[in-house]
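For reference, the structure discussed in these notes is given below.
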Amino acid sequence: MNTQALPPAILLMGPTASGKTAAALTLARHFPVELVSVDSAQVFRGMNIGTAKPDATTLADFPHHLLDLIDPDQSYSAARFCHDARLAMDDISRRGRVPLLVGGTMLYFKALREGLAELPAANAAIRSAIDHEAAVRGWPALHAELARVDPPTAARLPPTDAQRIQRALEIWRLTGQPLSALLAADGAPPPPYRFLAIGLLPGDRQILHQRIAERFAAMLAAGLEDEVLGLRATFQLHASLPSMRCVGYRQVWEVLDGLAPRRELRDRGIYATRQLAKRQITWLNNVLRPRTIDALADDVDQRLARLVERFIGGDHG
């Protein structure tokens, strides 16, 4: 296939607090791009503070696709993201503009760029059984079970990653096949676009950690706890929903349920966010392997602009 004939699309990815949104807005001021969110938390309506969702003024000036798609008591998937992203990309391209997909949900980027294997739908009974086992035995014990039946998946998941451990065990119990084998099988083809994948990676982890700490403290000051209280009053939520497992929301939920002391909320939220950033960086370095730019460089915007200008202009070397 002659990829030069395909319409362009830009993937701007990076860990949390790396400055992705600011960089994307700068590009949108200078190039004919439209922004598509690649964020598994920003799809939830009403979850604004803890997801660092762009504010109303920013969205008025720079509309984002794929924000506020579902309520927090619903679930979203990589397969649905690929479908929704493809629709948005096709619409943007038909209007002569370039899709700029920006975010930190690395699985979504991988699924979009490489295609996604067909996985079984969620099974409420099996999930409930796994949750009950976890309550009795703990998630590390279930992680050990996963390591016996699906070593590659267990190797990339920490023993406390309840959501992904549950999904991997659910698939094993439903199909008798490990998730790693299903993901390795041929899936839906990727969309017919030529991609420029750019990764914003911090040259100094300590500065990223400082940014994470400052941002989570700002979220608490902006009313993250009240946001969660409002969501709990509006929707039928429980702790195992994907929305309430999001970093920040999970830590607030535990405080509200008396499972953790309020005095530890800030530190627990910062730690969880740092762990998220670590996983995102691992994905970038080992799986996605984009062209990287130091997110902390003084000339980061200029470097991005040069890459995008060459790409849109036809120089893809």
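Projected onto their three principal axes, the Cα atoms of the stretch 174-317 cover extents of 56, 49, 27 Å, largest first.
When the charge dipole of the chain is built from unit charges on Cβ atoms (+1 for Lys and Arg, -1 for Asp and Glu) and taken about the Cα centre, the candidate among Trp139, Thr234, Ala5 whose Cα reaches farthest toward its positive end is Ala5. As a rough footprinting exposure proxy, the listed residues Lys20, Lys110 were ranked by other beta carbons within 10 Å of their own, and the order from fewest upward is Lys110, Lys20.
Using alpha carbons only, the radius of gyration of the stretch 124-184 set against its Kirkwood radius gives Rg/Rh = 0.93. Each label was represented as a point 7 Å from its Cα along the Cα-to-Cβ direction; for Ala135 and Gln4 these points are 6.2 nm apart. Ordering of 4-17, 22-35 by packing is 4-17, 22-35, highest average first (other Cβ atoms within 10 Å, averaged per residue). Relative to the current alpha-carbon distance between Leu25 and Thr175, full extension at 0.36 nm per residue lengthens the span by 49.6 nm. Scalar couplings 3J(HN,Hα) for the stretch 47-61, obtained by applying the Karplus form with A = 6.51, B = -1.76, C = 1.60 to θ = phi - 60°, are 9, 10, 5, x, 9, 6, 5, x, 6, 4, 5, 4, 5, 5, 7 Hz; x denotes Gly and Pro. For the chain, the relative contact order is 28 percent, taking Cα pairs closer than 8 Å that sit 6 or more residues apart in sequence and dividing their mean separation by the residue count.
Here the Debye sum runs over all C-alpha atoms of the stretch 83-222 as equal scatterers in vacuum, and log10 of I(q)/I(0) at q = 0.20 Å⁻¹ comes out as -1.14. Computed over the chain, the percent of Cα pairs more than 32 Å apart is 29. Each peptide among 86-94, 260-268 gets the average number of other Cβ atoms lying within 10 Å of its residues, and from highest to lowest they stand as 86-94, 260-268. Taking the number of Cβ atoms within 10 Å of each Cβ as an exposure proxy, the fewest-first ranking of Cys82, Cys246 is Cys82, Cys246.
Rule-based calculations on the coordinates, nothing more; no lab input. Remember, it's a predicted structure, so these values are computed and weren't measured experimentally. Cβ: placed from backbone, ideal geometry, glycine included. Neighbour counts: every protein chain shown.
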